[in-house]
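The next block holds one structure in the form of structure tokens; read it before the comments.
The values are calculated or read from the model by the stated rules, or taken from the named source; none is laboratory data. Bear in mind the structure is a predicted one, so any value in this text is a computation, not a measurement. Using ideal geometry, Cβ is built from the backbone for each residue, glycine included, and neighbour counts are taken over all protein chains shown.
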């Protein structure tokens, strides 16, 4: 329990990199789904409420996609950029490099 508390509030650089790499992996697995689209507005409801968010451009297939009734990619899909996450991983790695090593 103590380790998970520490990791949640004060993760090591290695743990931060692990977490960010897991986010990248999950994003890659979800490409084409609403959760990785720039037009998706995430829900701010508590976890006990089933709320899939909404589509900023009112996609005609949004409801069917988030409920798993359609598998095709929405014609309005625009992939959310993961560049900020990749830059953060690079920044953490650079910060953790010992002096004198490339």
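General remarks:
- Any hit, segment 66-81, residues being at negative phi, more than 15 Å from the chain's Cα centre (by Cα), surrounded by 14 or more Cβ atoms within 10 Å (Cβ to Cβ) and in a helix (DSSP H, G or I): yes
- Residues being touching a residue at least 24 places away in the same chain (Cβ under 8 Å) and either farther than 30 Å from residue 70 by Cα or not in a helix (DSSP H, G or I) (or both) - total across segment 15-33: 5
- Lone qualifier among 4, 43 - being part of a helix (DSSP H, G or I), modelled with pLDDT under 90 and more than 20 Å from residue 96 (Cα to Cα): 4
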